[in-house]
Amino acid sequence: MERLLKLLEENARLSVEDLAAMLNQTPEAVAAQMDEYEKQGVIRGYKALVDWEKTGTDKVKAVIELRVRPKKSHGFDEIATAIASMREVQSVLLMSGGYDLQLIISGHSFQEIASFVAKRLSPLDDVLSTATHFVLRTYKKDGVAYGEEETDEREWVTQ
């Protein structure tokens with residue numbers, strides 16, 4: 001059923017009936033497998049990819065690199081879990097290389113993100129350093145191109 005996961009990852013709006021037809025399965029079998037994946041935590045949720053720039057909504061994203069002090073008994077898990085529980089934080093990734101954790105956060109302004117870093121993140125005991133990078137534009141996210149308008153193929157005809 002790995003194909004089911006790939007289909008859902010590409011388009012979570014496909015109906016159970018459409019998925020069943022694509023997989024040559026019954027809708028009941030597909031629904032049962034999806035329920036099982038949800039129970040096992042394989043499927044973590046379903047979401048739309050929104051191009052916020054096109055909505056006129058004030059949204060600012062930042063990527064923050066953190067160097068942290070791991071705990072002897074828990075490694076990076078304790079600090080990563082604490083940071084992940086903060087509402088501004090969208091993603092927390094353990095990294096190899098020059099820093100330990102990468103955060104993706106969002107806010108309504110650069111100042112809001114700067115305040116979050118200065119007042120909530122940096123003061124944490126196990127945070128050794130931070131480096132904040134503001135996202136200026138998204139060109140592609142989760143395999144989907146952003147900002148490109150659909151072009152009428154007839155416009156490509158040369159004379």
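The values are calculated or read from the model by the stated rules, or taken from the named source; none is laboratory data. Not measured: the values here are computed from a predicted model. FYI the Cβ positions are ideal-geometry reconstructions off the backbone, even for glycines, and counts take in every protein chain you see. Keep in mind that these areas ignore ligands, DNA and RNA; they rest on the heavy atoms of the full protein, side chains included. Shrake-Rupley method; radii C 1.70, N 1.55, O 1.52, S 1.80 Å.
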Find, among the GluC sites (Glu not before Pro) in the range 1-93, those assigned to loop by DSSP (not H, G, I, E, B) with at most 11 other beta-carbon atoms within 10 angstrom. none
Per residue, in Å², the accessible surface of the chain once ligands and nucleic acids are set aside, probe 1.4 Å: 73 Å²
Roughly how many nanometres apart are two label points built 7 Å out from the Cα toward the Cβ at Leu49 and Asp125? 4.1 nm
Choice from Leu14, Leu136, Leu121 showing the highest fluctuation, given a GNM over the chain with Cα pairs closer than 10 Å: Leu14
Of the residues Ala48, Ile64, Leu128, the Cα lying farthest along the dipole of the range 31-159 towards its positive end, which is defined by charges on the beta carbon of Lys, Arg, Asp and Glu, belongs to Leu128
Just to confirm the filter: which chymotrypsin sites (Phe, Trp or Tyr not before Pro) across the range 43-95 are DSSP coil and have at most 14 other Cβ within 10 angstrom of their Cβ? Tyr46
With each pseudo-label sitting 7 Å past Cα toward Cβ, what's the Val144-Ser96 distance in nm, one decimal? 3.1 nm
Order Val135, Val117, most accessible first, counting only protein heavy atoms with a 1.4 angstrom probe. Val135, Val117
What Kirkwood Rh does the range 1-72 have if only Cα atoms enter the pairwise 1/r average? Answer in Å. 15.3 Å
Below 8 Å, C-alpha to C-alpha, sequence gap of six or more: please give me the relative contact order for the chain in percent. 21 percent
Carbon and sulfur %, accessible surface of the range 1-120 computed with the full protein complex present, 1.4 Å: 49 percent
Under a point spin-label approximation (7 Å from Cα along Cα-to-Cβ), what is the Ile104-Arg87 distance to one decimal in nm? 2.1 nm
Under 1.5 on a/c is rounded, so check that first for the range 69-137, then, if it is not, pick prolate when a/b is larger than b/c and oblate when it is not; a ≥ b ≥ c are the square roots of the alpha carbon gyration tensor eigenvalues. prolate
Please work out the FRET efficiency for the pair Leu136 and Tyr37, using the Cβ-Cβ distance as r and a Förster radius of 41 Å; give the result to the nearest 0.05. 0.70
